[in-house]
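Chemist: I'd like to ask some things about the structure below.
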Amino acid sequence: MGLKIICVAGMPGAGKSVFASVAKEFSIPVITMGDAIRIEASRRGIPQTPETLGALMLELRREEGPEAVAKRCLELLPENSKAVVIEGVRSLEELEYFKKHCNQLHLVA
């Protein structure tokens with residue numbers, strides 16, 4: 001059947017985390033794009049402030065391409081997952097990357 005990815009996008013306060021909480025209640029794994037950045041910051045020993053995390057996100061995208069954060073999110077996917085919610089998608093390039101790596105892609109915005 002393959003992997004189903006549900007991408008959640010929206011402005012701050014739009015309800016992305018509420019959607020993610022409901023998914024967790026149904027035992028659907030949730031990966032937050034920001035978590036992927038925080039993990040990379042920890043790996044590099046970078047302090048985790050809004051400024052440094054934003055700069056790291058831009059650096060990753062500049063060095064590795066616009067799908068750099070999306071790639072890191074899929075690396076966090078629990079093994080044998082049938083579905084996952086990815087919270088905080090920011091670009092069409094990220095959506096295209098996810099689309100290439102799943103059987104079904106849904107966008108909630």
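Every read-out reported here was derived from the displayed coordinates using simple, explicitly stated rules and does not represent laboratory data. Predicted model only: the values in this text are computed from it and were never measured. Heads up, the Cβs are rebuilt from the backbone with ideal geometry, glycines too, and the neighbour counts pull from every protein chain shown.
Chemist: When we measure straight from the Cα of residue 71, which lysines land under 18 angstrom away, once same-chain ones fewer than 8 places off are left out?
Modeler: 4, 82, 99, 100
Chemist: Work out how much length residue 99 to residue 49 would gain on full extension: take 0.36 nm times their residue separation and subtract the Cα-Cα distance, in nm to one decimal.
Modeler: Contour length minus the Cα-Cα distance gives 14.9 nm.
Chemist: At 222 nm, what helix-only mean residue ellipticity would the chain give, in deg cm²/dmol to the nearest 500, using -39500 (n - 2.57) for each DSSP H run of four or more? Walk me through the numbers before you get to the answer.
Modeler: Working: 5 runs with 54 residues, N = 109.
Helix-only estimate at 222 nm: -15000 deg cm²/dmol.
Chemist: Once you have the Cα-Cα distance between residue 77 and residue 14, take 0.36 nm times their residue separation minus that, and quote the gain in nm to one decimal.
Modeler: Extra length from residue 77 to residue 14 when fully extended: 20.2 nm.
Chemist: Looking at 28, 45, 107, which one has the Cα that reaches farthest to the positive end of the dipole of the chain (charges on Cβ: Lys, Arg +1; Asp, Glu -1)?
Modeler: The residue sitting farthest along the positive end of the dipole is 28.
Chemist: Right, another one. Report the net charge of residues surrounding residue 41, where surrounding means a beta-carbon distance below 12 angstrom and charges are Lys +1, Arg +1, Asp -1, Glu -1.
Modeler: Neighbour charge sum, excluding residue 41 itself: 0.
Chemist: Could you please tell me the mean projected area of the C-alpha convex hull for the chain, averaged over all directions and given in square nanometres to one decimal?
Modeler: 6.9
Chemist: Of the candidates 38, 62, 72, which one comes out as most mobile in a Gaussian network treatment of the chain with C-alpha springs shorter than 10 Å?
Modeler: Of the options given, 62 has the highest mean-square fluctuation.
Chemist: For the chain, set up a Gaussian network in which alpha carbons nearer than 10 Å are linked by springs, and say which option among 57, 11, 33 fluctuates the most.
Modeler: 11
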